[in-house]
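Below is one structure, written out as structure tokens; the observations come after it.
The values are calculated or read from the model by the stated rules, or taken from the named source; none is laboratory data. Here the structure is a predicted model, which means the values were calculated and not measured. Don't worry about glycine lacking a Cβ; one is built from the backbone with ideal geometry, like all the others, and counts go over all protein chains shown. Just so you know, the surface numbers come from the protein's heavy atoms only, side chains and all, with ligands and any DNA or RNA stripped out. Shrake-Rupley method; radii C 1.70, N 1.55, O 1.52, S 1.80 Å.
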Amino acid sequence: MKHDFDVIVVGGGHAGCDAAAAAARAGASVALVTLKLQDLGTMSCNPAIGGLGKGHLVREIDALDGLMGRVADRAGIQFRLLNRKKGPAVQGPRSQADRKLYRAAMTQEITEYQRLTVIEGEVASLVLDGRTLRGVRFGDDAEVTARAVVLTTGTFLNGLIHIGDEKSPGGRMGGRPSIGLAEQIKSMGLATGRLKTGTPPRLDGRTIDWDGLEEQSGDDDPAMFSFLSSGPVARQISCRITHTNERTHDIIRQNLSRSAMYGGHIEGVGPRYCPSIEDKVVRFSEKASHQIFLEPEGLDDPTIYPNGISTSLPQDVQEAYVRSIRGLENVAILQPGYAIEYDYLDPRGLDLTLALKDHEGIFLAGQINGTTGYEEAAAQGLVAGLNAARFALGQDPAQLQRSDSYIGVMIDDLVTQGVSEPYRMFTSRAEYRLSLRADNADQRLTPLGIAWDLVSDARKRAFDAKLERIDAAREILGEISVSSRALNGAGIRVNPDGPRRNALESLALPGAGIGALTQLVPELAGFDPVTLEQIGRDAMYESYLQRQRKDVEALQRDESWEIPGDFRYEDLQGLSAELQGKLKRVKPRTLAHAGRIEGMTPAALTLILAHLRRGERKRA
Amino acid sequence: MDTIFALATAPGRAGVAVVRVSGPAAWTACEALAGRLPRPRLASLCRLHEGGELIDEALVLVFESGSSFTGDPVVEFQTHGSVAVVNRLLAALSRIDGLRPAEAGEFTRRALENERLDLARVEGLADLIEAETEAQRRQAMRLFEGDLGKRVEDWRARLLRAAALVEAGIDFADEEIPQDIWPEVAALVQRLIADFSAEIAGIGTAERLRHGFEVAIVGAPNVGKSTLLNRLAGREAAITSEFAGTTRDVIEVRMDLGGLPVTLLDTAGLRETEDVIEAIGVTRARERAEAADLRLFLGGEDLGISLQAGDILVAPKADLQPGGGGLRVSGRTGEGVDALLAEIQRELSDRLGATQTAVRLRHGEALVRAVTALDSATELLYMPEDVAELIAEQIRQAIRAVDSLVGRIGVEDVLGEIFASFCIGK
Ligand SMILES: Cc1cc2nc3c(=O)[nH]c(=O)nc-3n(C[C@H](O)[C@H](O)[C@H](O)COP(=O)(O)OP(=O)(O)OC[C@H]3O[C@@H](n4cnc5c(N)ncnc54)[C@H](O)[C@@H]3O)c2cc1C
């Protein structure tokens, strides 16, 4: 085995896989070390990829030629575009994945990378020279050297699994926790915190009475994740829906004291947006019933994932309440639900490349940073892996911004605000939501990917061709003029005596879609529908986008006030001790960055600005 | 950080003058001039010297950083209010190491930077310093006490609620959220529009209160306008004579009318005239009268100036001619003058909202931006298509506008404007 690499990635989960692949694409030699080879592409929880906000992340990963989108497309057994009736900016692609197909596709992708070696084993510690990384040490004391490491150990740091009042150490069901590494990280003076999450019992589909349960099928025209995929590969299936009832709730209420969450066995903070069934019953006691999606875990797998009833009740109670539910009267539980507590590292110790600020060569990605979800993990993995490679190869950092991507929003949120509960992506976190759409992720990011050497030739060619089609269509549409009377006649709300518009401007009118306009501009029929759709969406948001561009400019003005790394906040008289502490921890790069720190006051910003200006004047 | 100093009281001859010094070297400066540092917050009589020469005998007040106006260590010298003494003291201060004269508004700026005040309170302070009458003082005090900040918090909370409802419908569409959020969103938005509009409507008056109300006395030549003005003002402000057309310019008299700052305008007699100079006076009078907050029409309204709501009809020269429409007033004898003043005061007071908190044009502009955004949101609410993301965008705009009131965003611009309206030493 080779004993020296540019980059070592620890952990083969979602963050680890995309980190290793990105580092390899960026030109580094990479070792991906994980506890078990089957870890590659393992989904600890829900067998689904994407959703609102998360679907955006997957599209962005794909635009940078990451793995998750392609793998999810190959493993997808049901595709649905969420919010289909709402505007394109808030539509999110989501798929159900066959676990085995997902693992197989991921493993295949990883093994195709020439520069990437997968090593099965446990990393027991990092080898450091002061604050500089030299390599990693395995459980058996063997060492491998490297310039950079990406830690993506997920929930494995001091993981503790709870089923009722029983607890056992573990990173997830059937996985050992990483204790040695956790101890070392703590001894490095990194701030850690404790979070928790939970998962529902897995059911045996052969023991479910499916008759009469409402069916939920996929979309007729499935929206894929990858810009390079043309359609589903695997056979498509439906999910079914059932509901809890008063009897279910009674059983849960009577046994609350035996729940790990309610019995006081767990100290970590759980996600508010992903409550356990115990939480739902207690907090929303007025609701007589909660919806459960019964999602198959695979095409040739009888395991059913009941989405909506994650729990940490003892096994006998889980059995009792599950069997009170319609269709599940005789169900067999294959694996009980459980809650898991784990350590995370305060991400405010990281910079925008996800590198530890006061160390050299250590990058962190995924759940270890306090996030939850595969997509969040993979997106961070991509950025950390890319930057680990660039660091190892002596290149400039590659950073994403709030104004160019959801990934940029997420990373900025993490390193600026830190987390107080597991962090999940939502579209509402993105202030430039109307321009950061899932459909234009490639136009936003693929050029950056090309500049960073991340993107394959095939993707580059496809992307260039798409841009050419869009530009050509835009040019032609810009030259076609349409009268207001004609537009009005086509049912578009516009004053018939108004001015003539070109076809692009006409598209921007409220209620004007490609469909309505095609009647008036027959040339439209000559363009391919994807190109037209894209142009239509840009036009629809144009007036908002103009305003957002102004906001972005204002932001960039504040961004242009750089705060030196050695800025002495203790010299700012009148700054509260709390804010001073936050500022010292986050070390904001710019005035705009400082403004996003939670609890920041206008007065404090003014104070910083005044000092920056004073420095400016002195220099001038 | 520099230590700054300036005369804090009005320049010129007075009983006392206060020179304020703020910053890390303030106390050393005090020791240098007074030979000692008096106990903080205890007025002490000291002899101020420079180079062995006595400058003045002054009352010296020392404040620690925690209890001073600016948040810095502060020293205040209360000297005799002589121009020469003050100049000599300022010169002495400027020769002390680390001290420099304060820029316009710099003391307040430090108070802001040291989080002793927020933006709206700084504006309140500026108004308080400018206040000449009781109503102005009360309005400024409300702002200084942080009323606007409190109201912004309330608006913000309601906007955030509306935003949260819309966002929930977007981000949790695949989960179980309440069925119909739109009626609540619509209700929240409507009430906010109403609240903002009420504040906006009151800003004109609040602005007038800051600068003074204009009350124009209009009427035909020689109807007795100037006599009435003199009577109202209690002194000979306008030249009165028996001849029509004496008052060619618009004459202004500022007065405090039961706490309201009022500027009375005596306009040229309104008549057709051949005299070029008088004609200019007449035009100017018409314009000023139309723009004034209130008009007193002496002897009838048919003067080519339109009667606006609240205007007062006055029957002049009550001592000479019995009868006539309107309030009977005699500028010569003073008959009916008290009643007229009471009527003006009542009319203007009615216009002042007791709860008005937004008082500056800047506040008005921000609220107009918020209303525009919310109006668009309302329009979008009734579109047949689901445009939740656009509604959310408009609500965000409104939040940004409201935030700018207390300086939460756009710190730079807002500050620039605020500090431009300050003058040195405050
Ligand atoms: C019980 C449970 C319930 C969850 N529920 C949800 C949910 O409802 N919704 C949601 O969005 N997300 C949920 N998640 C989160 C989601 O699974 C994770 O966020 C995501 O998988 C994190 O990816 P990751 O790459 O950071 O870590 P993981 O996917 O956990 O991967 C970590 C990898 O690191 C390896 N590893 C650990 N330590 C070492 C070591 N010392 N040496 C070598 N290899 C090591 C492990 O073998 C593993 O392969 C849940 C997770 C769990 C465990």
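Structure notes:
Every residue, every condition in (1) more than 13 Å from every other protein chain (Cβ to nearest Cβ); (2) modelled with pLDDT of 75 or more; (3) open to solvent by less than 50 Å² (accessible area, probe 1.4 Å), yes or no:
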residue: A:Pro529; (1), (2), (3): yes, yes, no
residue: A:Met540; (1), (2), (3): no, yes, no
residue: A:Tyr544; (1), (2), (3): no, yes, yes
residue: A:Pro564; (1), (2), (3): yes, yes, no
residue: A:Arg568; (1), (2), (3): no, yes, no
residue: A:Lys582; (1), (2), (3): yes, yes, yes
residue: A:Leu609; (1), (2), (3): no, yes, yes
residue: A:Ala620; (1), (2), (3): yes, no, no
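- Scanning the stretch A:278-318 for residues that are touching a residue at least 40 places away in the same chain (Cβ under 8 Å), more than 16 Å from the ligand (Cβ to nearest atom) and assigned to a helix (DSSP H, G or I) returns a single hit, A:Val317.
- Taking the stretch B:339-372 as the range and being of a type in the set (Gly, Ala, Ser), under 17 Å from the mean Cα position of the chain (by Cα) and open to solvent by 30 Å² or more (accessible area, probe 1.4 Å) as the test, the residues that pass are B:Ser349, B:Gly353, B:Ala354.
- Considering residues of the stretch A:414-462 that are touching a strand residue (DSSP E or B) at 6+ places or on another chain (Cβ under 8 Å) and away from the ligand (no atom under 16 Å from the Cβ) only, the residue nearest to the other protein chains (Cβ to nearest Cβ): A:Ala438
- Counted residues, the stretch A:345-376 - those being open to solvent by 10 Å² or more (accessible area, probe 1.4 Å) and near the ligand (Cβ under 10 Å from one of its atoms): 4
- Of all residues making up the stretch B:23-51, the number that are open to solvent by less than 40 Å² (accessible area, probe 1.4 Å) and farther than 30 Å from A:Arg568 by Cβ: 6
- The set of residues in the stretch A:48-77 that are within 15 Å of the chain's Cα centre (by Cα) and outside any helix (DSSP H, G or I) comprises A:Ala48, A:Ile49, A:Gly50, A:Gly51, A:Leu52, A:Gly53, A:Leu64, A:Gly66, A:Leu67.
- Any chance A:Val482 is surrounded by 12 or more Cβ atoms within 10 Å (Cβ to Cβ), at pLDDT 85 or above and aliphatic (A, V, I, L, M): yes
- Residues satisfying the stated conditions in the stretch A:403-413, i.e. open to solvent by 20 Å² or more (accessible area, probe 1.4 Å) and within 14 Å of another protein chain (Cβ to nearest Cβ): none
- Against the list (1) within 16 Å of the ligand (Cβ to nearest atom); (2) farther than 13 Å from A:Ser312 by Cβ; (3) at pLDDT below 80; (4) within 14 Å of chain B (Cβ to nearest Cβ), the condition A:Pro275 fails is (2).
- Identity of the residue in the stretch A:21-42, aliphatic (A, V, I, L, M) and closer than 19 Å to A:Ala75 by Cβ, that ends up farthest from the ligand (Cβ to nearest atom): A:Ala21
- Just one of (1) part of a loop (DSSP other than H, G, I, E, B); (2) at pLDDT 75 or above fails for B:Ala268. It is (2).
- Matching option when the condition is surrounded by fewer than 20 Cβ atoms within 10 Å (Cβ to Cβ) and away from chain A (no Cβ under 14 Å), among B:Arg13, B:Arg20: B:Arg13
- Looking only at residues in the stretch B:381-415 that are open to solvent by 30 Å² or more (accessible area, probe 1.4 Å) and modelled with pLDDT under 75, the one that is farthest from the other protein chains (Cβ to nearest Cβ) is B:Asp413.
- Checking each residue in the stretch A:139-157 for being buried (at least 21 other Cβ atoms within 10 Å of the Cβ) and of a type outside the set (A, V, I, L, M) picks out A:Arg147, A:Thr152, A:Thr153, A:Gly154, A:Thr155, A:Phe156.
- Failed item, numbered, when A:Ser44 is tested on (1) surrounded by fewer than 22 Cβ atoms within 10 Å (Cβ to Cβ); (2) within 14 Å of another protein chain (Cβ to nearest Cβ): (2)
- Looking only at the stretch B:75-109, and only at residues there that are closer than 30 Å to B:Leu143 by Cα and open to solvent by 10 Å² or more (accessible area, probe 1.4 Å), the one that is farthest from the other protein chains (Cβ to nearest Cβ): B:Gln78
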